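Trainee: The structure is given below, and queries will be raised subsequently.
The values are calculated or read from the model by the stated rules, or taken from the named source; none is laboratory data. In this text the structure is predicted, and so the values were computed from the model without any measurement. Heads up, the Cβs are rebuilt from the backbone with ideal geometry, glycines too, and the neighbour counts pull from every protein chain shown. Heads up: the accessible areas ignore ligands, DNA and RNA and are worked out on the full protein's heavy atoms, side chains in. Shrake-Rupley method; radii C 1.70, N 1.55, O 1.52, S 1.80 Å.
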Amino acid sequence: MLHAISDQTRRAILDRLTGGPSRVTDLAAPFDMSLNAVSKHIKVLEQAGLVRRTQHGREHTLELDPTPLRDVVRWASRYEQFWTERLDRLESYFKKKGKP
């Protein structure tokens, strides 16, 4: 999942989808690349579970699914807490060590 959001174009696509569902062609319009190139980025986002596609005739619409991002946020929060506790203990150790 982190691989999917590591690319600037894919993050921009996700950002545009925060405003609601959008057609693939509308999402591709502001990018200076071919529709095929944008579609490859979208495929990565779909594989990561960040985007859902619906099709009505020839029209493909994409919608953001933030569930995987919530999982990353929860993980990052635990990771941050882990390191904050350790760094606080290290700081306390050096403060005590510095006192005569």
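Trainee: Hey, what do the phi angles of segment 25-37 turn into as Karplus ³J(HN,Hα) couplings, whole Hz, using 6.51/-1.76/1.60 and θ = phi - 60°, x for Gly and Pro?
Mentor: Along segment 25-37, the couplings run 5, 5, 5, 6, 3, x, 8, 8, 7, 6, 4, 5, 5 Hz.
Trainee: Provide the per-residue ³J(HN,Hα) series for segment 4-14, in order, calculated from phi with Karplus coefficients 6.51, -1.76, 1.60 and θ = phi - 60°, each as a whole number of Hz, with x at glycine and proline positions.
Mentor: Running phi through 6.51 cos²θ - 1.76 cosθ + 1.60 with θ = phi - 60° gives 5, 9, 6, 9, 4, 5, 5, 5, 5, 4, 4 Hz.
Trainee: Okay, next question. Could you size up the charge dipole of the chain around its Cα centre, putting +1 on the beta carbon of Lys and Arg and -1 on that of Asp and Glu, and report it in debye to the nearest 20?
Mentor: 580
Trainee: Note the listed values [x] 37, 17, 10; [y] 43, 13, 9; [z] 20, 15, 13, then indicate which one is semi-axes √(5λ) of the Cα gyration tensor in Å calculated from this particular structure.
Mentor: Computed from these coordinates, semi-axes √(5λ) of the Cα gyration tensor in Å corresponds to label [y].
Trainee: A follow-up question, please. Please state the relative contact order of segment 1-79 as a whole percent: Cα pairs under 8 Å, 6+ residues apart?
Mentor: Once normalised by length, the contact order is 31 percent.
Trainee: What are the residues whose amide H is under 5 Å from the amide H of ARG23, where those residues sit 5 or more places off or on another chain and H is modelled from the backbone?
Mentor: Result for ARG23 returns LEU62.
Trainee: Quick one: length gained pulling ARG53 to PHE94 fully straight, 0.36 nm per residue minus the C-alpha distance?
Mentor: Once the chain is fully extended between ARG53 and PHE94, it gains 9.3 nm.
Trainee: Taking all protein chains as present, what is the carbon and sulfur share of the accessible area of the chain, in % to the nearest whole number, probe 1.4 Å?
Mentor: About 54 percent, which is the carbon plus sulfur part of the accessible surface.
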